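Trainee: Handing you this structure, nothing more for now.
The values are calculated or read from the model by the stated rules, or taken from the named source; none is laboratory data. Quick caveat: nothing in here was measured; it's all calculated off a predicted structure. Every residue, glycine among them, receives a Cβ derived from its backbone with ideal geometry; neighbour counts consider all protein chains shown.
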Amino acid sequence: MTLGFGVVGTGAIGREHINRITNKLSGGKIVAVTDVNQESAKQTVEQYQLDAIIYPDDKALIADENVDAVLVTSWGPAHEATVLAAIEAGKYVFCEKPLATTAEGCMRIVEAEMRHGKKLVQVGFMRRYDSGYVQLKQAIDKGFIGEPLMIHAAHRNPTVDPRYTTDMAVVDTLIHEIDVLHWLVNDDYKSVQVVFPKKTRNALEHLRDPQVFIIETKGGIVINVEVFVNCRYGYDIQCEVVGEEGIVKLPEPAGISFRKDVTLGTKILTDWKDRFIDAYDVEIQDFINSIQKTGEPKGPDAWDGYIAALTADVCVKAQQTGEKEDITLEERPAFYRKNAVCEAVVKN
Ligand code: NAI
Ligand code: ISE
C-alpha cells in the first residue's frame, strides 16, 4: 500500500521532504498540503506538480481519508496541536523537531499516543540515520574504544536569521546534539552548565554567540558542545568520542580535495540540507517501510522528543542562571523502546 502523506507547512524543510517523497523515495505519495500561507501551499503543488488537495488548515487535512500520515513541517510552536489532532484521528505522524516546544507539551503527546495504544509518531531527529553517527555508535557498542569518557562536539552554522535568539541555540540547534549524544553512548543526562566565551562581532546585539554547553551523564561522561551560529566559514558538525582505549571521530562529509592557488584543500558545506541529505532520505524511507511492514514507525519516538524537550528546558535555564543545573528524567515507559533506529539503519 502507498502511504498517503498530508503535509502541514510548505516552507524550507517541508518542500525538501515533499521533493524526496515524490522524486527519490518509494512507497509514499503527497495527497494533501496546507500552510497558513496558502500561496506557499499553492506554489508547492505547482513546483512539484503534485496531485494533492490544498486544505485551509491542518484539521481539514487530517480529516481527509486519503491521508494516512501527517508530515508536520510547520513552525515549532504549531507542532503540538497538529500532532495531537493527528493522534486523535489515528493517523501516523512524522514531526520535524521540536515535537513540542515544552516538555509538558511533549508529555501531552506521549499520553495521547499511549491512550491510543499503538505507536504513531516519529520525530525528525535525522542524525540517528546519518552514516557517520551510525558508524560511531557501532564502534562504541562493540567496545572499540573501551568505555567512553568524554565527547567533544561542535554545531556551527555560517549565519542565522536576525530573529534567531539566544535560547534558540538550544531549542533549534543544540537539540540535535541533545538527541543524538545520549543515544550514541547509551547513557542519560544528569546536569548541564553553560559558558559564554568572548562574543563574536558577527552576532547581532541581542544574540550571545558562541556558547559552550558542558553536559554530564549519569555514567560520568563529560560532554562539551560548542554552538556557534555565526561562524561564517561553513556548516560544520563535529563529534569526537574519547574512550579508555582510543578515540572515534565523525567522518568529514565527502568532497574532492583540490590543489589550487598554492592551497591543498577541500570545500566545506554551507547548508544543513546538503550535510544531512542522505540521513533525511533514509529516515523518511525507514518511516514508510516500518509502517508498511510492521504497522508502526521505528525511529526516534515521542518519548525521545520528550527527553529532548525536557533537557532543552534545563539547558535554557542554565543559560540564564550560569549555574550547573540538574536534569531529572523519568523512567522510559515500556511502551517506548530504547535506542530506536540504529538497528534499522544497520539493516538498510
Ligand atoms: P519555514 O519557516 O521555512 O517553514 C515553515 C512553514 O510552516 C511556513 O511556510 C509557514 O507559513 C508554515 N506554518 C507555520 N505555522 C503553520 C500552521 N499552524 N499551519 C500550517 N502551516 C504553518 O521553516 P523550516 O526551516 O522549514 O522549519 C520548519 C520546522 O522544521 C521547524 O520546526 C524546524 O525546527 C524544523 N527543521 C528541522 C531541520 C532538521 O535538520 N531536522 C532543519 C530545518 C528545520
Ligand atoms: C535548523 O532548524 C536545523 O535543524 C539544522 O539542522 C540546524 O543545524 C540549525 O542550527 C537549525 O536552525
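Trainee: Return yes or no: is residue 99 surrounded by fewer than 22 Cβ atoms within 10 Å (Cβ to Cβ) and out of contact with any His (no Cβ under 6 Å at 6 or more places or on another chain)? Steps first, answer last, please.
Mentor: On the way: surrounded by fewer than 22 Cβ atoms within 10 Å (Cβ to Cβ): no; out of contact with any His (no Cβ under 6 Å at 6 or more places or on another chain): yes.
Spelling it out, it is not the case that residue 99 is surrounded by fewer than 22 Cβ atoms within 10 Å (Cβ to Cβ) and out of contact with any His (no Cβ under 6 Å at 6 or more places or on another chain).
Trainee: Which one of these is of a type in the set (A, V, I, L, M), away from ligand 2 (no atom under 16 Å from the Cβ) and within 15 Å of the chain's Cα centre (by Cα): 110, 93, 171?
Mentor: That would be 93, the only listed residue that is of a type in the set (A, V, I, L, M), away from ligand 2 (no atom under 16 Å from the Cβ) and within 15 Å of the chain's Cα centre (by Cα).
Trainee: Would you confirm whether or not the stretch 112-134 contains a residue that is under 19 Å from residue 307 (Cβ atoms), surrounded by fewer than 21 Cβ atoms within 10 Å (Cβ to Cβ), more than 13 Å from ligand 1 (Cβ to nearest atom) and in the same structural domain as residue 318 (by TED's automatic domain parsing)?
Mentor: yes
Trainee: Scan the stretch 145-163 and tell me whether some residue there is in a helix (DSSP H, G or I) and either of a type in the set (Asp, Glu) or surrounded by 16 or more Cβ atoms within 10 Å (Cβ to Cβ) (or both).
Mentor: Applying the first criterion (in a helix (DSSP H, G or I)) to the stretch 145-163 yields none.
No, the stretch 145-163 contains no residue that is in a helix (DSSP H, G or I) and either of a type in the set (Asp, Glu) or surrounded by 16 or more Cβ atoms within 10 Å (Cβ to Cβ) (or both).
Trainee: Just for the stretch 89-109: of the residues that are assigned to a helix (DSSP H, G or I) and in contact with a helix residue (DSSP H, G or I) (Cβ under 7 Å, 6 or more places away or on another chain), which one is farthest from ligand 1 (Cβ to nearest atom)? Can you show your working first?
Mentor: In the first step, residues of the stretch 89-109 are kept if they are assigned to a helix (DSSP H, G or I); the result is 103-109.
The next check asks that each one be in contact with a helix residue (DSSP H, G or I) (Cβ under 7 Å, 6 or more places away or on another chain); those that pass are 103, 105-109.
Numbers: 103: 16, 105: 13, 106: 13, 107: 19, 108: 17, 109: 14 Å.
If we take residues in the stretch 89-109 being assigned to a helix (DSSP H, G or I) and in contact with a helix residue (DSSP H, G or I) (Cβ under 7 Å, 6 or more places away or on another chain), then 107 is farthest from ligand 1 (Cβ to nearest atom).
Trainee: Of everything in the stretch 53-85, what is touching a residue at least 24 places away in the same chain (Cβ under 8 Å), more than 16 Å from ligand 2 (Cβ to nearest atom), under 16 Å from residue 30 (Cα atoms) and hydrophobic (A, V, I, L, M, F, W, C)? Give them in sequence order.
Mentor: Selection gives 60, 61, 62, 63, 67, 69, 70.
Trainee: Residue by residue through the stretch 11-40, note down the ones that are within 16 Å of ligand 2 (Cβ to nearest atom) and within 17 Å of residue 74 (Cβ to Cβ).
Mentor: Here is the first cut: in the stretch 11-40, the ones within 16 Å of ligand 2 (Cβ to nearest atom) are 11-17, 20.
Scanning the stretch 11-40 gives 11, 12, 13, 14, 15, 16, 17.
Trainee: Given the structure, is residue 177 of a type in the set (Asp, Glu) and assigned to a helix (DSSP H, G or I)? Reasoning before the result, please.
Mentor: On the way: of a type in the set (Asp, Glu): yes; assigned to a helix (DSSP H, G or I): yes.
The answer is yes for residue 177.
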